[in-house]
Structure formats: structure tokens, C-alpha cells
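The block underneath contains the structure these notes are about, expressed in C-alpha cells.
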There are 2 protein chains.
Amino acid sequence: LSESADPGALDALRAGGKRAMASVLARLEAAPADPALLALLDAAHAGARGQVIGITGPPGVGKSTLTSALIRLQRRQERTVGVIAVDPSSRRSGGALLGDRMRFELDPEDQGVFVRSMAARERLGGLAPLTYAVVVLMRAVYDVVLVETVGVGQSETDVAGVCDTVVLCLQPGSGDSLQYMKSGIAEIPDIAVVNKADLGQLARQAKADLEAVLAPEQGPGWRVPVLLASATAGRGLDDLARELQGHAAHLAEQGSLTARRAAQGESWLEDGVREAFGRIGLDRAAGLPGGLALAPGQSPFRRLHEISRALAEPYAGSSD
Amino acid sequence: LSESADPGALDALRAGGKRAMASVLARLEAAPADPALLALLDAAHAGARGQVIGITGPPGVGKSTLTSALIRLQRRQERTVGVIAVDPSSRRSGGALLGDRMRFELDPEDQGVFVRSMAARERLGGLAPLTYAVVVLMRAVYDVVLVETVGVGQSETDVAGVCDTVVLCLQPGSGDSLQYMKSGIAEIPDIAVVNKADLGQLARQAKADLEAVLAPEQGPGWRVPVLLASATAGRGLDDLARELQGHAAHLAEQGSLTARRAAQGESWLEDGVREAFGRIGLDRAAGLPGGLALAPGQSPFRRLHEISRALAEPYAGSSD
């Protein structure tokens, strides 16, 4: 454990209900480098207790309905649930499209479920850097954390960087699903769900297609199950719950939960260093004569070379 | 024009055919900061002549077939064509999936068409930074440059950062198309094509749906046309060629081609500064005691804070 972790603050967060979580998240967005928050994050990192489950897949396959059904199922089993709903943002307008996620249709009085919407990272289309911190806080407080991402942009691969178990949700029939899988995300899911399985033969065909694509990607000791479900009709959810618990048990047995989470932490750390220094570079480049603006016809290649040379000087001799 | 541009090298590239272009691209990949290359890039940046056309859209809608048809159409009109085919890479394996693009079915003896495959940027799923330099070289040599990107990950938004005219390709019927448009890329296309328009009523419905989504996004003086096409049957391609020329004329009239390309250059420059400094930060962090590795249970939040503090010192007093 980090010597500066603050278990007292974590206890208060655990005891404080939705109001306490909302307040901490607001502070995190306003001043992520606040020392008290840092101590709380250290304690939360050391005190993880919940399973973090990602729900991803292309638009329109029923991820929100599936997420709602999973929330209700967990609540019936008296598990507390934190939900992070990642909204795709329009790149040019920056606006979130899906509003405040009233669509989960939850009882607002239920203190055992906390929903937080987060915009996708504007420029990259993936998860915002803050998402990892929110996951770490929630997994220290709730029994289950659900991260729903819309599979557009980078979010369907980023979700594997913050979750213990990734559920890929597809729908039968369009043929797009298989194309989507072939486009390089076949290695992402731990569990695959063909939703809208009311579609009968089409659903079974989609399941067979998926199993064929997933077959070579099975990790050691874990065969990615392909389930049929209908989130609206409530079918296939018990199977999904069983596979989710099975995957959690698998990770715990193999010691791979610890390894997966450590790798996620290191990856987040690298991204953080890269971003912090990128910002420093942009600030310093903007302060040079000419800055980052190009005169009409000016070559950006030459300019990058000039800026790199001008800014390399402070580093000379200051490192090995 | 940049004082260090080398128009002689550009003339040699223009006269040297496919062999010369292949050789320059190989040098660019091996040593992008080579001064002779930089002088060539400066000259190419100043000597743009071709229209850069992006072809994007979700997997499976027939983008490669449409690109092939466009290549043949341009060649019949005796325009030279450069093609950049961006392959999605598997994030974990890093491999390109689509091989060497034999699928365009081109005459290998034709000196007027040059095809280059490029892997998508591994981590972000978008275009590799080198893509912009390749576009700048090609648009100084060929009459038309086609950039085909598979609409997975970030590439469908990144393509707008290197192209004059973006063609979004969709297919009728699945309903996914509209979902896809609503997911924040409605502002990207200058021209939309509903391919596989042999599907009749479904195609007309898709066209109407698209027009409704695109309507509020029309830029000043340009109404995004929605075309029906069948790339395999060769239908709708003349319409597309006409709209492509129309968009080029529109950009030239409005002076917006210059503005668009200048904005692309500045955006590439910012990315380049951010990346160069990010790499410097990672190198320096790796050199600190403890580096970027986390001990079991060590908090990445605390570690990022420590690294940021340790590396902030060389900057103290060296800038305003």
C-alpha cells in the first residue's frame, strides 16, 4: 500500500452513499491533482473489491437495454452497482448525444446503484483519461462496476484498458457483426453476446459465425463463450450472469486479475506521462516566435523541425 | 515557399514514375527527419496539384470496389492516380489484415497509378502520422489522390484531416448506417454515397434517411449530395465523378481549399509537437529510479504525480 493512502477517506466514501460519490467525482473533475484526492485514489487502488465489467459493441445492438437488465439482475442479488456510461461526442461540436442516461429506467431512490455519464475523449474518440480514476474509485465502493461504451471510435478497444471482463454485444442478421469482428477487435471480448436472439435462425447463424471468428483467439484456460440473449425479453441474462461470475473466478484462480489490473495501471501511467509532456511541448512551442500558427503556404514539416530543434536545448546535458 | 525547399528533387520525383515514388516513401519510413527529404516535403507542400479524396465508411459497404471503380474512371480520363489504402491493424497483434491490396485489380504495368498500403496507427486506430506526409508527396505528383480508410477506430474522422473531399460510403437496409451517422460523424462527409443501390426501395429509404441526418450539417455554399451507386455494376459513378469535380470547384472558388489545407497542416504540426514531447517525457520517466514500471499494488496515480514533479525541474526558469 502507498504510505500516503487515506483509508479513512475511503471508508467515508463507502459509507456516504450516492451523494458522497457524486461529490468526489465532482472534485476529481475540477482538480484531479488535489493531494487529498490523490490519497483517496491511492487507498481506492489498494482497496479494490468489485468486478469491473465492460459492455461494448457497435451502435444499435441494444447495449443500454442489456446494461439496464444487468443492473436489475445484480440489484436483485443485493449487489451494489456503479455504472459508467460513456457517451460518444460529436468531434466538431463536442456535445454528448445521449443526454443524462435516463434510459436505464432506474429507481432514483435506490442507494445501491450509482450512474455516471462521461463524454468520450473528444479528440481520440476513446475513453477520457479520467475514466480510469472513476473506475478505480467505483470498484473500491461497489460490488459490480459496469462500463458501457458505444463502439464508435476508439472506445471498444480502450474499454479493455479499464475492465476486468469485457462483454462484446452484437446483433444477428446484418452481416456487419462479422465484418466488425474481423476489423481487429476479435481479441477484445472475454464474453460475447448475440442480443435480439428472438430473431431465431439468424441469431444461431450469428452465434456460429462468431464462434468461428473467436476460436483462434481463446486465451489460456478461457474459452470465450458466445451467448444468445434478448435483453428486452429478459432471456439469456442468467447465462450471462453465470459466465460473468465464471470469468471473475477464472481471473482470480489464475492470478491474472492482479496482472491485468497492474498492466492497466502501467498503461494509464504511460498515457499520463505522454499527455503531460505533450501539453508542456505545446505550451512551449506556442511561446516561440511564430508559435504553432503557419503563415500562408508555410510548410508544417519545416516548422516541426524548427520547433523540435528550438525546444531540444533545455534538455541538453540535463539527462543521461 | 520555404527557402530550403528543393524543387529539383520534386521534379525528379514527378519524372521518376512509380519506382521513384516507392523509393522516396521507403526513405520517409526509414528516416523521416532526413534533411533532403525535408526539402522535398517543403517543395511538395508548395507544389500541390492534385485533389485529395477520402473514401470512408463502415466495414462491408464496398469501399474497395468503389475505390477500384474510381481509379479506372480517372485513368480513362487520363488522370494519374495515387492511392493510399489504410489497413486496420489488430491492436494486440499489430498485423495488417488485408494484405497488399491486390484487390484493386489494377494493371501492374500502368505507370499512371500508384498504390500504397499503410497500417492504421496502432494505438489510436486512426491514421499514422506519416500518412499526411505521403498525402503531401502524392498530391504534388498525381492528379488525384484517393485515401481509402476502413471506418473502424478513429480513421473515419482522421481522414478529414488529410483530404480535400471526403466521401462517406454506406449501404442500404441494415439500419446501422443511420446509427453510424448519429454517432458523431454526420459532419465529416462532403459527399455521401449509398452503395449497393441495386437494393431498390431499401436504397431509396437509406438515401432519404441520410438526407434527413445530413440536412442540418450543410456547410456554407455546399449541400452534401447523397448519391445512389452500385460500384460492382458500375452505376452512379459518373454522378460521383461529377460531384467530386463540383466539390473541387467549390473549394477553389471559395478560397476554402487553401484554408482547409492550412488547418490540416497546423493540426498535423500540433500532433507532431505533442508526440515528440510525449516521447521525450516517456524516455525521461523511464530513466528515473523506478521508471515506468509499477511494483505489485503500487498506485499509478501517486507514481504519475511523482514523475511529473521529478521531471518538472529542468523546466524551472527556462521558460516564461
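The values are calculated or read from the model by the stated rules, or taken from the named source; none is laboratory data. Keep in mind it's a predicted model, so treat the numbers as computed, not measured. Quick reminder, even Gly has a Cβ in these numbers, built from the backbone with ideal geometry, and neighbours come from all protein chains shown. Accessible surface areas use protein heavy atoms only, side chains included; no ligands, DNA or RNA. Shrake-Rupley method; radii C 1.70, N 1.55, O 1.52, S 1.80 Å.
Quick check, is B:L66 open to solvent by less than 10 Å² (accessible area, probe 1.4 Å), touching a residue at least 40 places away in the same chain (Cβ under 8 Å) and out of contact with any helix residue (DSSP H, G or I) (no Cβ under 6 Å at 6 or more places or on another chain)? Considered against the rule, which asks whether it is open to solvent by less than 10 Å² (accessible area, probe 1.4 Å), touching a residue at least 40 places away in the same chain (Cβ under 8 Å) and out of contact with any helix residue (DSSP H, G or I) (no Cβ under 6 Å at 6 or more places or on another chain), B:L66 comes out as yes. One residue alone among B:G50, B:G17, B:G54, B:G60 is of a type in the set (G, A, S) and at pLDDT below 90, and that residue is B:G60. B:C163 meets each of the listed conditions (1) part of a loop (DSSP other than H, G, I, E, B); (2) modelled with pLDDT of 85 or more; (3) open to solvent by 20 Å² or more (accessible area, probe 1.4 Å) apart from (3). When we screen B:R309, B:R274, B:R284, B:R303 for residues that are at the interface with chain A (Cβ under 8 Å from one of its Cβ atoms), assigned to a helix (DSSP H, G or I) and open to solvent by 60 Å² or more (accessible area, probe 1.4 Å), the only hit is B:R274. Residues in region A:1-14 that are modelled with pLDDT under 95 and either farther than 18 Å from A:L38 by Cβ or surrounded by 13 or more Cβ atoms within 10 Å (Cβ to Cβ) (or both): A:L1, A:S2, A:S4, A:A5, A:D6, A:P7. Residue selection: A:A252 satisfies the criterion of being open to solvent by 60 Å² or more (accessible area, probe 1.4 Å), at pLDDT 90 or above, in a helix (DSSP H, G or I) and farther than 21 Å from A:L168 by Cβ.
Inclusion of B:S93 among residues that are open to solvent by 30 Å² or more (accessible area, probe 1.4 Å), at pLDDT below 85 and among the hydroxyl-bearing types (S, T, Y) is warranted. When region B:25-81 is filtered for residues that are closer than 17 Å to B:L228 by Cα and charged (D, E, K, R), only B:K63 remains.
Against the definition (outside any helix (DSSP H, G or I), modelled with pLDDT under 95 and open to solvent by 20 Å² or more (accessible area, probe 1.4 Å)), how does A:G173 come out, yes or no? Judged against the criteria, A:G173 is a match.
A quick yes/no check of all residues on (1) in contact (Cβ under 8 Å) with a residue 40 or more places away in the chain; (2) farther than 20 Å from B:S64 by Cβ; (3) assigned to a loop (DSSP other than H, G, I, E, B):
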position	(1), (2), (3)
B:V193	yes, no, no
B:D198	no, no, no
B:Q205	no, yes, no
B:D209	no, yes, no
B:V213	no, yes, no
B:L227	no, no, no
B:T232	yes, no, yes
B:A241	yes, no, no
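Just to be sure, is A:K18 out of contact with any helix residue (DSSP H, G or I) (no Cβ under 9 Å at 6 or more places or on another chain) and under 19 Å from A:T165 (Cβ atoms)? No: the conditions fail for A:K18.
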